[in-house]
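J.: One structure is given below, represented as structure tokens, and several questions about it will come after.
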Amino acid sequence: MHSDRAALSAVTQVAGHLLQSPPVVTPESSNYQVLELFTSQPELSNLPVVRDGAPLGIINRNHFMSMLARPFHREIFGRKPCTAFMDANPLVVDYHLPLTELSYLALSRGDKVLSDGFLITVDGGYAGVGLGVSLVQALADQQAQKHQQMMDSINYASVIQQSFLQSSRRDMAACLSDYFMAWEPRDVVGGDYYYFVKRDDGFFVAVIDCTGHGVPGAFMTLIMASALKQVLGTYDLHNPAALLSHINRQVKESLGQLSADERKPGENIEVRSDDGMDCAFCWYDNASHTLTFAGAKTPIFVLPRGADEVTVVDGNKKGVGYVSTPLDYEWDNHRVKLKPGSRLYISTDGIIDQIGGPKRICFGKKRFKEQILKHAHKPMAAQRQALLDAFHHWQGENSRRDDVSLFGMHFTEQHA
């Protein structure tokens, strides 16, 4: 049945596809004749009244039967013309009228079309009737089909989005021995993105949270991925802060997100978007065992070897690309020594800001650090599962607020 409806919705575009051909009566037909038709055909809900091929009205079964059930009405009206109980102002539509237009016309008539149906004509002549319930079903099927087409497109967009992450996954696997990368869009596609590239003297990792989630967020990840690859191909990976500055300028100019004092004289352009990214950019130098970090509203979490407390290194409080971020804004580089045995964690705010727990408050940085310390002795893959389990338990029945991305690595002798 479902497949039949799906097939019907693919072709149900005009009123004529709802056409049915019940018996018809003429204005001269008596009410006794109408009663006989309704009695002999219990499935018959309405009778069209037609004269010389021209539609005149509709007789509604329920209305007709209730009128004749009144005292003496059958005796009084039985032999009289059926027009006495006919709706003389039915909805009449052309066979080729699109369903969307038909739905607007039906809506303007209130409940009348749902109960009485409508008459369908071809070149002005009577062709048949359409039932209100058939119209509702056709519109529902059409909407379901459009929704399915949209979901198919979004599902394929997810494949495209994940393909952008393949090179980063390959380089992570080639460069790191004990690490994890969790990427969980809130919806099918999302606004989080990560980038990892291996070099002979070290590696570069970026964890990015673009404006929004779902389809808008996914569009922003494509914009940021394009800007990131362009900048990384031109500028020095060893200076994450400078990379952020270059991307900030590129995004603001390409999206036209310039503040009033950043526009050219006389340039009066309405700024309709204010999108960008929060992120952590890190370069690790193999020779000096030093991590150079620059953050846009995103911190990193470091657990030095043998430490009993997680260190939080905050980034700058400006996001990248937004109207409020100056075109020439400069981020700060932070340098952290990471000896073998140290661990690094980077998370977008999807975990930190998630509402949950008995008091429905944010997961928070404190709780996140506690979970890191609790599971720090485990291999990174096991830590990934433990951290996500704690996050999902905290979320509970609350709705997911944002996309989640979480990177973690253990600096082993391999990086010494």
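The values are calculated or read from the model by the stated rules, or taken from the named source; none is laboratory data. If you're wondering where the values come from, they're calculated on a predicted model, not measured in any experiment. Quick reminder, even Gly has a Cβ in these numbers, built from the backbone with ideal geometry, and neighbours come from all protein chains shown. Just the protein is used for accessible areas: all its heavy atoms, side chains included, with ligands, DNA and RNA removed. Shrake-Rupley method; radii C 1.70, N 1.55, O 1.52, S 1.80 Å.
J.: Whole percent per 5 Å bin, from 0 to the bin with the longest distance: what is P(r) over all C-alpha pairs of the stretch 2-141?
T.: It works out to 2, 10, 20, 21, 18, 13, 8, 5, 2, 1, 0, in whole percents.
J.: Continuing with this model, one more query. Could you give the dipole magnitude of the chain about its Cα centre, charging the beta-carbon of Lys and Arg +1 and that of Asp and Glu -1, in debye to the nearest 20?
T.: Here the chain has a charge dipole of around 980 debye.
J.: Ok, one more. With +1 on each Lys and Arg Cβ and -1 on each Asp and Glu Cβ, and nothing else charged, work out how big the dipole of the stretch 2-141 is about its Cα centre, in Debye to the nearest 20.
T.: 440 debye
J.: What length, rounded to one decimal in nm, is gained on full extension from R335 through to R360, with 0.36 nm per residue of separation minus their alpha-carbon distance?
T.: Using 0.36 nm per residue and subtracting the Cα-Cα distance, I get 5.4 nm.
J.: Ok, one more. Modelled label-to-label distance, Y235 and Q20, 7 Å Cα→beta-carbon offset: nm?
T.: Going from the Y235 label point to the Q20 one covers 6.8 nm.
J.: Taking the alpha-carbon distance from K374 and a cut-off under 15 Å, which aspartates and glutamates remain once sequence neighbours fewer than 8 residues away in the same chain are dropped?
T.: Straight-line reach from K374, under 15 Å: D308, E309, D389.
J.: What FRET efficiency do you get for F164 and E370 if R0 is 45 Å and r is their Cβ-Cβ distance, rounded to the nearest 0.05?
T.: E(calc), rounded to 0.05, equals 0.85.
J.: I've got another one for you. Once both axes come from the Cα atoms, what is the angle between helix 31-40 and the longest principal axis of the chain, in degrees from 0 to 90, rounded to 10?
T.: So the inclination is approximately 50 degrees.
J.: Ok, one more. In whole Hz and in residue order, list the ³J(HN,Hα) couplings for the stretch 74-87 that follow from phi through the Karplus curve 6.51 cos²θ - 1.76 cosθ + 1.60, θ = phi - 60°; x for Gly and Pro.
T.: Each residue's phi maps through the Karplus curve to give 5, 5, 6, 9, x, 8, 7, x, 5, 5, 4, 10, 8, 7 Hz.
J.: Considering only protein heavy atoms and a probe of 1.4 Å, how much of the accessible area of the chain is carbon and sulfur, as a whole percent?
T.: 53 percent
J.: Right, next: Lys and Arg at +1, Asp and Glu at -1: add these up for the other residues within a Cβ distance under 11 Å of V14 and post the number.
T.: Net charge in that neighbourhood comes out at -2.
J.: Here is a further query. From the mean inverse distance of alpha carbon pairs (Kirkwood) and the Cα radius of gyration, derive Rg over Rh for the stretch 25-70.
T.: We get a ratio of 0.96 for the stretch 25-70.
J.: With the chain treated as a Gaussian network of Cα nodes joined by springs under 10 Å, which of D314, D209, D123 yields the largest mean-square fluctuation?
T.: D123
J.: For the stretch 145-276, rounded, prolate or oblate, judged on the Cα gyration tensor with a ≥ b ≥ c (square roots of eigenvalues), a/c < 1.5 rounded, else prolate if a/b > b/c?
T.: Oblate, because a/c is 1.5 or more while a/b does not exceed b/c.
J.: If you line up the long axis of helix 166-175 against the longest principal axis of the chain, both from Cα atoms, how many degrees apart are they, to the nearest 10?
T.: Approximately 30 degrees, to the nearest 10.
J.: For the pairs K339/K378; K252/K369; K297/K339; K229/K339; K229/K264; K297/K369, note any where the Cα-Cα span goes beyond 24 Å.
T.: K252/K369; K297/K339; K229/K339; K229/K264
J.: If a/c stays under 1.5 just call it rounded; otherwise compare a/b with b/c (prolate if a/b is bigger, oblate if not). Do that for the stretch 91-205, with a ≥ b ≥ c from the square roots of the Cα gyration tensor eigenvalues.
T.: It comes out prolate by the Cα gyration axes.
J.: Here's another thing I want to ask about it. For the chain, find the longest principal axis of its Cα atoms and tell me its angle to the long axis of helix 364-375, 0 to 90°, nearest 10.
T.: 70 degrees
J.: Also: For the chain, take the alpha-carbon Rg, divide it by the Kirkwood Rh, and send me Rg/Rh.
T.: 1.27
J.: Can I ask one more? Where the only charges are on Cβ atoms (+1 Lys, Arg; -1 Asp, Glu), what is the dipole of the stretch 37-93 about its Cα centre, to the nearest 20 debye?
T.: Rounded to the nearest 20 debye, it is 200 debye.
J.: So what is the accessible area of the chain per residue, in Å², with the probe set to 1.4 Å?
T.: So the chain comes to 50 Å² accessible per residue, rounded to a whole number.
J.: Also: When the chain is treated as a GNM, springs tying every alpha-carbon pair under 10 Å, which of I76, I154, I351 comes out with the largest mean-square fluctuation?
T.: Comparing I76, I154, I351 in a Gaussian network model of the chain, the most mobile one is I76.
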